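Novice: Here it is: the structure, laid out below.
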Amino acid sequence: EVYIHGYVMAQDGSKMSKSLGNTVDPFPVIQEFGSDALRMGIVSGRSPAVNRGYDPRKVEEARNFCNKLWNVARYIENTIGDNHSARHTAEAINIADHWVLLKLQQLTDELSADLDNYRFSEAYEKLYHMVWDDFADWYLEAGKTTPNHGLLAFGLETILKLAHPFAPFVTETIWQTLKWEKDSLLITSKWPDRKIDFSTSEAKEFEQVREVVSECRNMITNLSLKKPVLRFSVSTFLEEHGSLIARLARLGGVEKSKESQGLRLTSTGFDCWLDVDQKTALEYLVRLKEKQVAETASVARLKTRLANKSYVDNAPDKLITETKAQLEEAETRLKQITTEIGGFSKASRDL
């Protein structure tokens, strides 16, 4: 079986040619970023039989992903010490454990199907976000006060095996550094197939915690707040998981209150609000609307430039590609700002 991918084009989208001098020498790239980073950088965002330009940013992102794998392994090794054999008897203890087991099972199933069907780019993107976002940013943070040694070791072993086809050198080196099994190699190891029981309802509870924490973090960052208190009227869920939410969102606390004034959370489904005064919220809304006006003007200017036939016909391909990328980024920022304005406007009605 032969997998035929599209051309790896030059950065400006043209075909690589020695005569044009736009070829990419892989060896300097490997020296700077590593062979695994180049491998994943080429795979990322590439569809079958579709030509796509070489993007050095993808290689840099892949290098950062390799660093993240190292950091995750180092943290887990330092946390569990010699207790790595606990992975053989690992079990879920809290809602974060149930959630990460669900995520690991989903990732294993989806990567298996993607690789069987040659969806390499899709598989890599799922692996990247699971390791970076779900496992490192959420699960490890949630478990810092009471780490589950068995699941930490199980999770790391599973991730290294799933990542091995994409980053064979880094994952093998990490595995040999851990020395959890004598004379074992990842490349000859069995693909993850062990399933640990988990509760989907408890996994859903942690997903709800994430929703509350994410909205709180967004408001805290945008309003430059220092440890605000999250208040609620009636909620068994917030009472039960208040300490976890407060720690992950860096809140001053999660407290029940008879009053019902503050900046309301709009996407969580709970009747809760941050203890923020009206002046602070309205000042931020003004800043957001100023950004909206600026981004709207930027989008209009870039669209006008690309609609200019003379510019498109005469400008270098690289410049046109850069303009299109700038337009895409500006439109994304404008959409985010507009959504945020809607959310803050709705949340501030009761202030």
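Novice: Do any GluC sites (Glu not before Pro) in region 247-288 lie in a loop, going by DSSP, with at most 14 other beta-carbon atoms within 10 Å of their beta carbon, and if so which?
Specialist: Taking region 247-288 and a limit of 14 other Cβ atoms within 10 Å, the loop GluC sites (Glu not before Pro) found are 259.
Novice: Something else about it: Taking amide H positions as placed 1.01 Å from N in the peptide plane, with prolines and chain starts having none, which residues 5 or more places from residue 229, or on another chain, fall under 5 Å of its amide H?
Specialist: HN-HN under 5 Å from residue 229: 252, 275.
Novice: I would also like to ask the following. Pull up the DSSP beta bridges for region 210-351 and report the antiparallel fraction as a percent, rounded to 5.
Specialist: On the way: 5 of 9 bridges.
Taking every DSSP beta bridge within region 210-351, about 55 percent pair in antiparallel fashion.
Novice: Please sort by residue number the trypsin sites (Lys or Arg not before Pro) in region 89-164 whose DSSP state is loop and whose Cβ has at most 16 other Cβ atoms within 10 Å.
Specialist: Those that pass, being in a loop and sparsely packed, are 144.
Novice: Send over the Kirkwood Rh of the chain, from the inverse of the averaged 1/r over different Cα pairs, rounded to one decimal Å.
Specialist: 23.6 Å
Novice: Just 40, 130, 16 to compare: in a GNM of the chain, with alpha carbon springs under 10 Å, which one fluctuates most?
Specialist: In this elastic network of the chain, the residue with the biggest mean-square fluctuation among 40, 130, 16 is 16.
Novice: Another question, if that's okay. Taking the Cα centre of region 221-351 as origin, sum charge times position over the Cβ atoms of Lys and Arg (+1) and Asp and Glu (-1), and report the length of that vector in debye to the nearest 20.
Specialist: 220 debye
Novice: List the residues, sorted by chain then number, that are 5 or more residues from residue 272 or on another chain and whose placed amide H is less than 5 Å from its amide H.
Specialist: Under 5 Å from the amide H of residue 272: 265.
Novice: Considering only protein heavy atoms, what is the solvent-accessible area of residue 277 at a probe of 1.4 Å, reported in Å² to the nearest 10?
Specialist: 80 Å²
Novice: Springs between alpha-carbon atoms under 10 Å, Gaussian network over the chain: tell me which of 327, 151, 160 tops the mean-square fluctuations.
Specialist: Of 327, 151, 160, the Gaussian network model singles out 327 as fluctuating most.
Novice: Enter the Cα centre distance for the pair region 207-269 and region 126-151, rounded to the nearest angstrom.
Specialist: Region 207-269 and region 126-151 have Cα centres spaced 21 Å from each other.
Novice: Hey, got a sec? Which trypsin sites (Lys or Arg not before Pro) in region 1-81 land in a DSSP loop and have at most 10 other Cβ atoms within 10 Å?
Specialist: Answer in residue order: 18.
Novice: To continue, here is another question. Quick one: Cα centre-to-centre distance for region 54-109 and region 308-340, in angstrom?
Specialist: So the separation of the two Cα centres works out to 37 Å.
Novice: Treat every Asp and Glu Cβ in the chain as -1 and every Lys and Arg Cβ as +1, leave all other atoms uncharged, and give the resulting dipole magnitude about the Cα centre to the nearest 20 debye.
Specialist: The dipole magnitude comes to about 1040 debye.
Novice: Report the extension gain between residue 218 and residue 306 in nm, rounded to one decimal, defined as 0.36 nm multiplied by the number of residues separating them, less their alpha carbon distance.
Specialist: 28.3 nm
Novice: Using Cα pairs under 8 angstrom and six or more residues apart, how large is the relative contact order of region 36-96, in percent? Intermediate values should be presented prior to the final figure.
Specialist: Numbers: 28 pairs, mean separation 19.8, N = 61.
Once normalised by length, the contact order is 32 percent.
Novice: All other residues with a Cβ under 11 Å from the Cβ of residue 338 taken together, and with Lys, Arg as +1 and Asp, Glu as -1, what is their net charge?
Specialist: +1
Novice: Taking the Cα atoms of region 77-140 alone, what are Rg (to one decimal) and Dmax (as a whole number) in Å?
Specialist: 13.8, 39
Novice: According to a simple spin-label model (label point 7 Å from Cα along Cα-to-Cβ), what is the distance in nm between residue 197 and residue 256?
Specialist: Simple spin-label model gives 3.3 nm for this pair.
Novice: Ignoring any ligand, DNA or RNA, what whole percent of the accessible area of region 163-309 comes from carbon and sulfur when the probe is 1.4 angstrom?
Specialist: 51 percent
Novice: While we're here: Of all the accessible heavy-atom surface of region 1-102, with the other protein chains kept in place and a 1.4 Å probe, what percent is carbon and sulfur?
Specialist: Answer for region 1-102: carbon and sulfur cover 51 percent of the accessible area.
Novice: Another question about this same structure. Using 24 Å as the Cα-Cα cut-off, could you pick out the over-long pairs in 18/324; 144/226; 144/182; 15/58?
Specialist: 18/324; 144/182
Novice: Give me the accessible area of residue 154, 1.4 Å probe, in Å² rounded to the nearest 10.
Specialist: Accessible area of residue 154: about 20 Å².
Novice: Let me test this: with uniform point scatterers at the alpha carbons of region 40-167, what is the Debye-based log₁₀ I(q)/I(0) at q = 0.09, 0.14, 0.16 1/Å?
Specialist: -0.28, -0.63, -0.79
Novice: Here's something else I'd like to know. For every helix of n ≥ 4 consecutive DSSP H residues, a contribution of -39,500 (n - 2.57) applies; sum these over the chain, divide by its total residues, and give [θ] at 222 nm rounded to the nearest 500 deg cm²/dmol.
Specialist: Rounded to the nearest 500, the figure is -19500 deg cm²/dmol.
Novice: Separate question: Roughly how many Å² is the accessible area per residue of the chain, as a whole number, for a 1.4 Å probe?
Specialist: It amounts to 55 Å² per residue over the chain.
Novice: Another question about this same structure. At 1.4 Å probe size, with no ligands or nucleic acids counted, give the accessible surface of residue 82 in Å², nearest ten.
Specialist: It works out to around 140 Å².
Novice: Also: Give the residue from 229, 118, 147 lying farthest towards the positive end of the charge dipole for the chain; charges sit on Cβ (+1 for Lys and Arg, -1 for Asp and Glu) and the dipole is referred to the Cα centre.
Specialist: Positive-end residue among those listed: 229.
Novice: Using +1 on the beta carbon of Lys and Arg, -1 on that of Asp and Glu, and nothing else charged, what's the dipole of region 177-268 about the Cα centre, debye to 20?
Specialist: 380 debye
Novice: Which whole-number percentage describes the relative contact order of region 32-172, with Cα contacts under 8 Å and a sequence gap of 6 or more?
Specialist: Values: 139 pairs, mean separation 51.4, N = 141.
Computed over region 32-172, the figure is 36 percent.
Novice: With a 1.4 Å probe and all protein chains in place, put 220, 42 in order of accessible area, largest first.
Specialist: Descending accessible area places them as 42, 220.
Novice: Quick one: work out the % antiparallel among DSSP beta bridges in the chain, nearest 5. Don't skip to the answer; put the middle values down first.
Specialist: Details: 6 of 12 bridges.
Of those bridges, close to 50 percent are antiparallel.
The values are calculated or read from the model by the stated rules, or taken from the named source; none is laboratory data. Please read all numbers here as calculations on a predicted model, not as lab measurements. Using ideal geometry, Cβ is built from the backbone for each residue, glycine included, and neighbour counts are taken over all protein chains shown. The accessibility values were calculated without ligands, DNA or RNA, using every heavy atom of the protein model including side chains. Shrake-Rupley method; radii C 1.70, N 1.55, O 1.52, S 1.80 Å.
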